[in-house]
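Please read the structure below before turning to the comments.
Derivation of every value follows stated rules applied to the coordinates shown; laboratory data play no part. None of the values given here were measured: they were computed from a predicted structure. In this analysis, Cβ positions are derived from the backbone assuming ideal geometry, glycine residues included, and neighbour counts consider all displayed protein chains.
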């Protein structure tokens, strides 16, 4: 390309691959998070509501563990998918 580069492209040549990777990760995350949300609402909503009303401290512990677990699982699945399609 002989066109002029904007300041971001001149200062960091890795911006384009970074943005490409970000777009791919978002395309992977969006359906995974949507499916996860639907499954949680369908299967875990009432048990979590009951736990919240019956034992709020236990609910807080369970909720924290679920947040950590879903983050770890989502990262593992996304990393696996990115490796499978040959991206870093």
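Spin-label model, residue 76 to residue 24: label points 7 Å out along the Cα-to-beta-carbon direction sit 2.2 nm apart.
Stokes-Einstein diffusion for the range 15-84 at 10 °C, viscosity 1.306 mPa s, with a Kirkwood radius from C-alpha pairs, works out to 114 µm²/s.
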